[in-house]
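Student: Have a look at the structure that comes next, please.
The values are calculated or read from the model by the stated rules, or taken from the named source; none is laboratory data. Here the structure is a predicted model, which is why all the values come from computation and not from measurement. Don't worry about glycine lacking a Cβ; one is built from the backbone with ideal geometry, like all the others, and counts go over all protein chains shown.
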Amino acid sequence: MSDTQTATNRPALPAEIARRRTFAIISHPDAGKTTLTEKFLLYGGAIQMAGQVRAKGEARRTRSDFMQMEKDRGISVSASAMSFDFKHFRFNLVDTPGHSDFSEDTYRTLTAVDAAVMVIDGAKGVESQTQKLFEVCRLRDLPILTFCNKMDREARDTFEIIDEIQENLAIDVTPASWPIGMGRDFLGCYDLLNDRLELMDRADRNKVAETITLNGLDDPAMEDHIPAALLEQLREEVEMARELLPTLDPQSVLEGHMTPIWFGSAINSFGVQELMEGIATYGPEPQPQRASPREIAPEEKKVTGFVFKVQANMDPKHRDRVAFVRLASGHFHRGMKLTHVRSKKPMAISNPVLFLASDRELAEEAWAGDIIGIPNHGQLRIGDTLTEGEMLKATGIPSFAPELLQSCRAGDPMKAKHLEKALMQFAEEGAAKVFKPAFGSGFIVGVVGALQFEVLGSRIELEYGLPVRFEGSQFTSARWVHGQKDAVEKFTNANKQHIAHDHDGDVVYLTRLQWDIDRVERDYPDVTLSATKEML
Ligand code: GDP
């Protein structure tokens, strides 16, 4: 397949936008995400030698790794989004946090991409974290390309792996390549899309595979490269695969109903280029963004972008933050004035950052599909829209009700105001939910995973010099209260003990009993309690 032939549903895109591929990698820890990222960058010419990303890898973060990274913010930020070129394509790889405690952050990251690469370990198949992340991609019908890694180790039978993906994830799987042998006997793959043989070089891990162009599986040249027994097995398996498995349908991939699968070994650089070609071909190019009151098309002339992530305190001495913005439309230039839709105020974007793999760089220009970083002092929050045109607001960037609640107090009661400031900042960054109860003092902090309390405690101490205590709270659930103003008022007045406000001032109902939630739904038909809210 030529690299200009792409699956497209938007033929009107300017060439600069059409060549962009913005995607994330989803995987279970240890499947090989970091290794694959390194090899992407290697082929993208962004790094000279594989091994440089390892320090940035977020996958197996222990708490101490995490804190080290927090100190080293510059590094973790540049690892959050990476841009590099492959052939004539511009790839934007957005990192998803590896730890399951950060699933909300992950969810929002996935709102900023047009596709996901799902990496699975050939011996382990679909693991829990992969499954969870896949479900999130499915909510948005994201196209998924699958890479089955570690074929140089004992892996499962190829059909078994494909079946497991089909069964567990309810998605059609079509083989883009077929492995030849496995473990010690793994020779390489037969490229089913291009009728090529790709042979792995075990001696040089960074070497591009040797490619042999063939005239189909019966080409006698096969015998020069593959021992008879393996060749027979390959021919049988491919025949069976072609009979039993669906053929590649680019439209179905685009709609998220089908995933092509490549087999390879990231550590041996094997199968990586074929996967990259797959991303280029089935990627797809930047897609329209959900927004209110209308969708934003990437080819629109006016620049629009939305914040999907905020990272604060890159330099603890200055309370600055970087907002990660996915450009949804247009051609952005440095210095441009955009309207901040929430406040309706103009903002000059004078020092935007592009994340060019190894370095951060000032972005002179960027196009729809790109991720830019905008340093700011707190004006930009997750979910915010910036635009050159009409007042559109990007939608579909939700905030989830936390699953764990604890009350938080400053070690020194005189420092309550400082604590409030610190907590509000983390709430805006999306690192935690912070609720101020209508009754009593103190704050209730909500997170999705327990590790977040520790990280938060350490960050408040480190960045604000403020020791804090987290204690069990009498509440275990939080729900946002929606409804007409007077209905909400009547409800809050009658349930004061349960009411708090989040950092946006929105009303939240706190409780420890599902029974309470059911009761409210029964007794107050005019208000609804919701476990998610759209970020404002
Ligand atoms: P992550 O947790 O998903 O980022 O996984 P890493 O990329 O850190 O890889 C986890 C472990 O698997 C590391 O020890 C890698 O060296 C190893 N690994 C990655 N890819 C391969 C592969 O293709 N074959 C083998 N045998 N090991 C691999």
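Student: What's the number of the only condition in (1) polar (S, T, N, Q); (2) at pLDDT 95 or above; (3) under 22 Å from the mean Cα position of the chain (by Cα) that Thr158 fails to meet?
Tutor: With respect to (1) polar (S, T, N, Q); (2) at pLDDT 95 or above; (3) under 22 Å from the mean Cα position of the chain (by Cα), Thr158 is out only on (3).
Student: Right, next: Just one of Met414, Met336 is within 30 Å of Phe84 (Cβ to Cβ) and either of a type in the set (A, V, I, L, M, F, W, C) or more than 25 Å from the chain's Cα centre (by Cα) (or both); which is it?
Tutor: Residue meeting the stated conditions: Met336.
Student: A follow-up question, please. Name the single residue, out of those in the range 11-41 being within 6 Å of the ligand (Cβ to nearest atom) and part of a helix (DSSP H, G or I), that is surrounded by the most Cβ atoms within 10 Å (Cβ to Cβ). Talk me through it step by step, then tell me what you get.
Tutor: Of all residues in the range 11-41, those within 6 Å of the ligand (Cβ to nearest atom) come to 27, 29-35.
This time we only want the ones that are part of a helix (DSSP H, G or I), so: 33-35.
Details: Lys33: 26, Thr34: 24, Thr35: 24.
Across the range 11-41, the extreme among qualifying residues is Lys33.
Student: Sticking with this one: Of the residues Ala203, Ala209, only one is modelled with pLDDT under 90, within 16 Å of the ligand (Cβ to nearest atom), more than 29 Å from Arg140 (Cα to Cα) and surrounded by 20 or more Cβ atoms within 10 Å (Cβ to Cβ); which? Explain how you work it out, then say what you get.
Tutor: Values: Ala203 fails: surrounded by 20 or more Cβ atoms within 10 Å (Cβ to Cβ).
Unique residue meeting the criteria: Ala209.
Student: Among the residues of the range 171-181, are any under 28 Å from the mean Cα position of the chain (by Cα) and within 14 Å of the ligand (Cβ to nearest atom)?
Tutor: The answer is no; no qualifying residue exists.
Student: Kindly evaluate Thr385 against the criterion of being crowded, with 22+ Cβ neighbours inside 10 Å and in contact (Cβ under 8 Å) with a residue 24 or more places away in the chain.
Tutor: On the way: crowded, with 22+ Cβ neighbours inside 10 Å: yes; in contact (Cβ under 8 Å) with a residue 24 or more places away in the chain: yes.
Yes, satisfied.
Student: So, in the range 195-219, exactly how many residues are in contact with a strand residue (DSSP E or B) (Cβ under 8 Å, 6 or more places away or on another chain) and either closer than 25 Å to Arg156 by Cα or outside any loop (DSSP other than H, G, I, E, B) (or both)? Steps first, please.
Tutor: Within the range 195-219, the subset in contact with a strand residue (DSSP E or B) (Cβ under 8 Å, 6 or more places away or on another chain) is 195-201, 209-214, 217.
Checking the rest, the ones that are also either closer than 25 Å to Arg156 by Cα or outside any loop (DSSP other than H, G, I, E, B) (or both) come to 195-201, 209-213, 217.
Qualifying residue count for the region: 13.
Student: From the residues in the range 393-423 that are closer than 20 Å to Phe324 by Cα and modelled with pLDDT of 90 or more, which one is surrounded by the most Cβ atoms within 10 Å (Cβ to Cβ)? Lay out the reasoning, then the answer.
Tutor: Pass one, the range 393-423, residues closer than 20 Å to Phe324 by Cα: 393-400.
Filter once more, so that each one left must be modelled with pLDDT of 90 or more: 393-394.
Details: Lys393: 20, Ala394: 27.
Result: Ala394.
Student: What pairs come up if the first residue lies in the range 149-169 and is more than 25 Å from Gln273 (Cβ to Cβ), the second is within 16 Å of the ligand (Cβ to nearest atom) and β-branched (Val, Ile, Thr), and their beta carbons are under 6 Å apart, counting only those six or more places apart or on different chains?
Tutor: As it stands, the answer is Glu164/Val126; Asn168/Val126, since those pairs meet every condition given.
Student: Based on what the data block shows, is Asp486 within 32 Å of the chain's Cα centre (by Cα) and within 23 Å of Leu529 (Cβ to Cβ)?
Tutor: Working: within 32 Å of the chain's Cα centre (by Cα): no; within 23 Å of Leu529 (Cβ to Cβ): yes.
In short, no.
Student: With the structure loaded, tell me whether Met276 is within 20 Å of Thr37 (Cα to Cα) and either of a type in the set (A, V, I, L, M, F, W, C) or within 16 Å of the ligand (Cβ to nearest atom) (or both) or whether it fails that test. Working first, answer last.
Tutor: On the way: within 20 Å of Thr37 (Cα to Cα): yes; either of a type in the set (A, V, I, L, M, F, W, C) or within 16 Å of the ligand (Cβ to nearest atom) (or both): yes.
When the stated conditions are applied, Met276 passes them.
Student: Here is a follow-up. Going through the range 446-471 one residue at a time, which ones are without any contact (Cβ under 8 Å) to a residue 24 or more places away in the chain and in contact with a Phe, Trp or Tyr (Cβ under 7 Å, 6 or more places away or on another chain)? Talk me through it step by step, then tell me what you get.
Tutor: Step one: filter the range 446-471 for residues without any contact (Cβ under 8 Å) to a residue 24 or more places away in the chain, giving 457, 461, 465.
Of everything in the range 446-471, just one residue is without any contact (Cβ under 8 Å) to a residue 24 or more places away in the chain and in contact with a Phe, Trp or Tyr (Cβ under 7 Å, 6 or more places away or on another chain), namely Gly457.
Student: Next up: Of the residues Glu521, Glu471, Glu463, which single one is in a helix (DSSP H, G or I) and closer than 25 Å to Glu420 by Cβ? I'd like the intermediate steps shown before the answer.
Tutor: Details: Glu521 fails: closer than 25 Å to Glu420 by Cβ; Glu471 fails: in a helix (DSSP H, G or I).
Only one candidate passes the filter, namely Glu463.
Student: Can you name every residue in the range 491-519 that is surrounded by fewer than 20 Cβ atoms within 10 Å (Cβ to Cβ), among the hydrophobic types (A, V, I, L, M, F, W, C) and more than 34 Å from the chain's Cα centre (by Cα)?
Tutor: If the condition is that a residue be surrounded by fewer than 20 Cβ atoms within 10 Å (Cβ to Cβ), among the hydrophobic types (A, V, I, L, M, F, W, C) and more than 34 Å from the chain's Cα centre (by Cα), then Ala494, Trp515 are the ones that fit.
Student: Can you name every residue in the range 95-136 that is within 15 Å of the ligand (Cβ to nearest atom), assigned to a strand (DSSP E or B) and either in contact with a Ser or Thr (Cβ under 9 Å, 6 or more places away or on another chain) or at pLDDT below 85 (or both)?
Tutor: Ala116, Val117, Met118, Val119, Ile120, Asp121
Student: With respect to Gly51, determine if the residue is surrounded by fewer than 20 Cβ atoms within 10 Å (Cβ to Cβ), at pLDDT below 55 and within 17 Å of the chain's Cα centre (by Cα).
Tutor: Working: surrounded by fewer than 20 Cβ atoms within 10 Å (Cβ to Cβ): yes; at pLDDT below 55: yes; within 17 Å of the chain's Cα centre (by Cα): no.
No: the conditions fail for Gly51.
Student: Could you grab me the full set of residues in the range 243-260 that are surrounded by 23 or more Cβ atoms within 10 Å (Cβ to Cβ) and part of a helix (DSSP H, G or I)?
Tutor: Step one: list which residues in the range 243-260 are surrounded by 23 or more Cβ atoms within 10 Å (Cβ to Cβ), which gives 253, 259-260.
Of everything in the range 243-260, just one residue is surrounded by 23 or more Cβ atoms within 10 Å (Cβ to Cβ) and part of a helix (DSSP H, G or I), namely Val253.
Student: Moving on. Quick one: in the range 379-415, which of the residues that are in a strand (DSSP E or B) and aliphatic (A, V, I, L, M) is nearest to Thr111 (Cα to Cα)? Before you say what the answer is, go through the steps one by one.
Tutor: Of the range 379-415, the ones in a strand (DSSP E or B) are 385-387, 393-394, 398-400, 404-410.
In the following step, the residues that additionally are aliphatic (A, V, I, L, M) were identified as 386, 394, 404-405, 410.
Details: Leu386: 16, Ala394: 10, Leu404: 24, Leu405: 26, Ala410: 35 Å.
The qualifying residue nearest to Thr111 (Cα to Cα) is Ala394.
Student: Of the conditions (1) assigned to a strand (DSSP E or B); (2) within 18 Å of Thr259 (Cβ to Cβ), Ile161 satisfies every one except a single condition; which number is it?
Tutor: Condition (1) is where Ile161 drops out.
Student: Now, a different point. Only one of these is at pLDDT below 90, within 30 Å of Glu255 (Cα to Cα) and surrounded by fewer than 20 Cβ atoms within 10 Å (Cβ to Cβ): Leu214, Leu139, Leu193. Name it. Outline the logic, then answer.
Tutor: Details: Leu214 fails: within 30 Å of Glu255 (Cα to Cα); Leu193 fails: at pLDDT below 90.
Answer to the check: Leu139.
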